[in-house]
Amino acid sequence: MASSLLLPSCCLAQLNKIVVHPPDPLTVVRGASVEQTLELAVLPGFHVNSDKPKDETLIPLKLTWTNGPLETQSVSYPEAKEIKVGSQQVMVFTGKFQIQTKFHVPAGIAKGSSTMTGKLHYQACNDTMCFRPSSVAVTLPVSVE
Amino acid sequence: MSLAQHKSRLLLLSLAAVALVSCSGSKETVKHATAKAQESRKAAPAFTLTDSNGSKVSLKDYRGKVVLLNFWATWCGPCQVEIPWFQEFEQQYKSKGLEVVGVSMDEEGWQVVKPYITSHKLNYRILLGDDSVSQLYGGLDALPTTFLIDREGKFAFPPHVGLIGKNQYASEIQSLLEEKSESAALGLQSAPAILLPGAAQ
């Protein structure tokens, strides 16, 4: 009974508001540093909080590499856009944007194919409503030469 | 001028006077919303949650009252727009039988909600939501989500998902406050008094 009350928002809520384009395989050399670019797109009509929201109650966008042979040195986010929601000024990402990760390749890792896995945590809104914080898994194929 | 002509003139003048009075006011007129027919209303799902003082609060405690049940979160921008309206409604309509109840869906719990209550001087009861109440009320993936519940504990209007106009809420509240209910007539026990943080008992 309760679920039938909210059918339209149920469908809207289930839609992923941010699309993470599957990254191309990364070819790396042992002992070197390498940069990887993750391409993302926020669906039209929505925005996600940036990595540095002005209000500490807001949930920031964050990419975390959780598992794999490479060491994460830094994750860089683009410049955010400022929009007004009610009386608040909010820093957001909209449309297409990129996140850069700098990895270090340990000298002692095995050659061959491997995978880096990560998680993108975000919280999306449109002009009239906000959706529960959500995470998207990210998988990066790695080839160590 | 004949009597018939005189009467017609008087009628026209009266109509003109009424039109003038209707159009001259600067005060906004709120059109009363039309609630669902009472016999077709469904019962709001029962729940028991905890308020900021640690007290257990059940929806059934509010029988006999009109309840504006608002699901929100501190991270929800549109929710922040509505909250001052709800504070006004609590002040304006409480004596007529309205109770505003906010249910926070913040996963971090009272750690973030209590400071918010204090800093924003919320004058209505805040409960902490959980997965159970979320499922009962349709999943609540989008906030704010607000329900207007009549004195019998039933949904009187479709749920409001997202930000809507203040006047629409006012209209719906007034519509429900004006309804007669068996609970109100029998003078059933009202909800326990709200204890705001720091208030003396």
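Holding the Cα-Cα limit at 19 Å, pick out from B:Lys96/B:Lys121; A:Lys62/A:Lys96; A:Lys54/B:Lys166; A:Lys81/A:Lys119; A:Lys52/B:Lys121 the pairs that are longer than that. Flagged as over cut-off: B:Lys96/B:Lys121; A:Lys54/B:Lys166; A:Lys81/A:Lys119; A:Lys52/B:Lys121. For the range B:39-111, give me the percentage of DSSP beta bridges that are antiparallel, rounded to the nearest 5 percent. Percentage antiparallel, nearest 5: 30. Partner shielding of B:156-162 amounts to 3, given as the average count of beta-carbon atoms from other chains within 10 Å of each residue beta-carbon. Each part gets one Cα centre, and for the range B:137-155 versus the range A:71-99 those centres are 32 Å apart.
Determine which aspartates and glutamates satisfy two conditions relative to A:Lys17: a Cα distance under 18 Å, and not lying fewer than 8 residues away in the same chain. Here the aspartates and glutamates satisfying the reach criterion relative to A:Lys17 are A:Glu39, A:Asp51, A:Asp127, B:Asp141.
Model label sites at B:Gln168 and A:Lys96, defined 7 Å from Cα along the beta-carbon direction, differ in position by 3.5 nm. Across peptide B:43-50, the average count of Cβ atoms from other chains found within 10 Å of a residue's Cβ is 1.
If you count, for every residue in A:53-60, the Cβ atoms of partner chains within 10 Å of its Cβ, what is the mean?
Details: counts 1, 0, 4, 3, 12, 4, 6, 0.
Across the residues of A:53-60, the mean count of other-chain Cβ atoms within 10 Å is 4.
Just to verify a number: FRET efficiency for B:Val112 and A:Lys111, C-beta to C-beta distance, R0 = 45 Å, to 0.05? Working shown, then result.
On the way: r = 47 Å, r/R0 = 1.05.
Efficiency, rounded to the nearest 0.05: 0.45.
Which value, in debye to the nearest 20, gives the size of the charge dipole of the range A:3-145 about its Cα centre, when Lys and Arg are +1 and Asp and Glu are -1 at the Cβ? Working shown, then result.
Working: 12 positive and 11 negative charges, 32 e Å.
The dipole of the range A:3-145 has a size of about 160 debye.
Computed over chain A, the per-residue total of -39500 (n - 2.57) for DSSP H runs of n ≥ 4 gives a 222 nm mean residue ellipticity of -2000 deg cm²/dmol, rounded to 500. Extending 7 Å from Cα along the Cβ direction at B:His120 and again at B:Glu179 yields two label points whose distance is 2.7 nm.
Just so you know, all these numbers are worked out from the coordinates, no wet-lab data involved. Everything quoted here is computed from the prediction, not taken from an experiment. In this analysis, Cβ positions are derived from the backbone assuming ideal geometry, glycine residues included, and neighbour counts consider all displayed protein chains.
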